[in-house]
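A quick write-up on the structure given underneath.
The values are calculated or read from the model by the stated rules, or taken from the named source; none is laboratory data. Every value quoted in this text rests on a predicted model; they were computed, and no experiment measured them. So basically every Cβ, Gly included, is an ideal-geometry build from the backbone, and we count neighbours across all protein chains shown.
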Amino acid sequence: MRFLNTRLDNAFLIEPEAASDERGYFVRTFCEQIFAERGLETKFVQHSRSFSARAGTLRGMHYQKPPHAEVKIVSCVAGAIYDVIVDLRPESDSFGKWQAFELSAANQRQLYIPAGCAHGFQTLADDTLVAYLISTFYEPSAATGVRYDDPALRIKWPQRVSVISERDRSWAPLELACLT
């Protein structure tokens with residue numbers, strides 16, 4: 001696995017290193033030892049998936065407030081997504097900034113999202129399946145988000161939003177979304 005730095009503090013794009021032969025390939029997607037050596041989270045208590053039938057579907061921008069803040073490792077196992085992280089950590093040098101990455105079944109990239117960051121994505125293909133490793137249990141009272149179209153963030157989504165939940169459409173703007 002190769003860990004590529006991003007513009008956001010302690011967020012990493014992870015590229016697999018596949019062993020290929022005439023049968024296909026084998027790739028390691030997680031190794032506790034390698035993550036621990038980098039000082040990254042190694043305990044993931046939830047493994048979840050989301051399926052989106054239509055390209056242009058937008059999910060996000062989600063996070064959990066402390067003390068239930070989550071570290072996530074996100075990958076796309078079918079289709080493709082435009083995956084976005086927003087840094088909501090006031091102490092971070094990259095506070096209020098965002099960065100996007102294309103994750104797909106073809107490129108097998110993963111995104112390591114530190115606690116205190118909002119996360120969301122837009123599907124780039126029909127029938128897209130996204131897998132998550134999550135470090136803390138879901139706590140409904142801590143679940144919140146920021147607007148996907150927040151004018152302060154100016155996230156440039158690659159497609160017109162074709163499907164979005166009412167909940168995701170109604171998150172507060174960034175200045176009202178506070179982790180403290």
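Would it be correct to say that Phe35 is farther than 30 Å from Ile164 by Cα, surrounded by 11 or more Cβ atoms within 10 Å (Cβ to Cβ) and of a type in the set (Phe, Trp, Tyr)? For Phe35, the condition - farther than 30 Å from Ile164 by Cα, surrounded by 11 or more Cβ atoms within 10 Å (Cβ to Cβ) and of a type in the set (Phe, Trp, Tyr) - is met. When you check Glu91 against the structure, is it at pLDDT 95 or above and under 24 Å from Asn5 (Cβ atoms), yes or no? So Glu91 fails the test.
Listed residues Ala80, Ala105; which is of a type in the set (A, V, I, L, M), at pLDDT 95 or above and out of contact with any Cys (no Cβ under 8 Å at 6 or more places or on another chain)? Testing whether each residue is of a type in the set (A, V, I, L, M), at pLDDT 95 or above and out of contact with any Cys (no Cβ under 8 Å at 6 or more places or on another chain) leaves just Ala80.
Among the conditions (1) at pLDDT below 95; (2) surrounded by 16 or more Cβ atoms within 10 Å (Cβ to Cβ), Thr136 misses just one, which is (1).
Conditions (1) in contact with a Leu (Cβ under 6 Å, 6 or more places away or on another chain); (2) surrounded by fewer than 19 Cβ atoms within 10 Å (Cβ to Cβ); (3) not aliphatic (A, V, I, L, M), marked per residue:
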| residue | (1), (2), (3) |
| --- | --- |
| Val45 | no, yes, no |
| Gly56 | no, yes, yes |
| Val74 | yes, no, no |
| Ile81 | yes, no, no |
| Phe95 | no, yes, yes |
| His119 | no, no, yes |
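Considering only residues that are in contact (Cβ under 8 Å) with a residue 40 or more places away in the chain, of a type outside the set (D, E, K, R), assigned to a loop (DSSP other than H, G, I, E, B) and in contact with a Gly (Cβ under 8 Å, 6 or more places away or on another chain), which ones fall in the range 77-122? Of everything in the range 77-122, those that are in contact (Cβ under 8 Å) with a residue 40 or more places away in the chain, of a type outside the set (D, E, K, R), assigned to a loop (DSSP other than H, G, I, E, B) and in contact with a Gly (Cβ under 8 Å, 6 or more places away or on another chain) turn out to be Leu88, Ser92.
Highlighted here are the strands (runs of 3 or more DSSP E) found entirely within the range 1-67 that include at least 3 residues which are on the phi < 0 side of the Ramachandran plot: 2-5, 12-15, 19-21, 46-52, 58-64. Is it true that some residue in the range 131-150 is within 16 Å of Gly60 (Cβ to Cβ), in contact (Cβ under 8 Å) with a residue 24 or more places away in the chain, touching a helix residue (DSSP H, G or I) at 6+ places or on another chain (Cβ under 6 Å) and assigned to a loop (DSSP other than H, G, I, E, B)? Scanning the range 131-150 turns up at least one residue that is within 16 Å of Gly60 (Cβ to Cβ), in contact (Cβ under 8 Å) with a residue 24 or more places away in the chain, touching a helix residue (DSSP H, G or I) at 6+ places or on another chain (Cβ under 6 Å) and assigned to a loop (DSSP other than H, G, I, E, B). Within this structure, Ser162 fails the test of being within 21 Å of Phe30 (Cα to Cα) and of a type in the set (Gly, Ala, Ser). Regarding Ala11, is this residue modelled with pLDDT under 95, among the hydrophobic types (A, V, I, L, M, F, W, C) and either touching a Gly at 6+ places or on another chain (Cβ under 6 Å) or within 17 Å of Gln110 (Cα to Cα) (or both)? Against the criterion (modelled with pLDDT under 95, among the hydrophobic types (A, V, I, L, M, F, W, C) and either touching a Gly at 6+ places or on another chain (Cβ under 6 Å) or within 17 Å of Gln110 (Cα to Cα) (or both)), Ala11 does not qualify.
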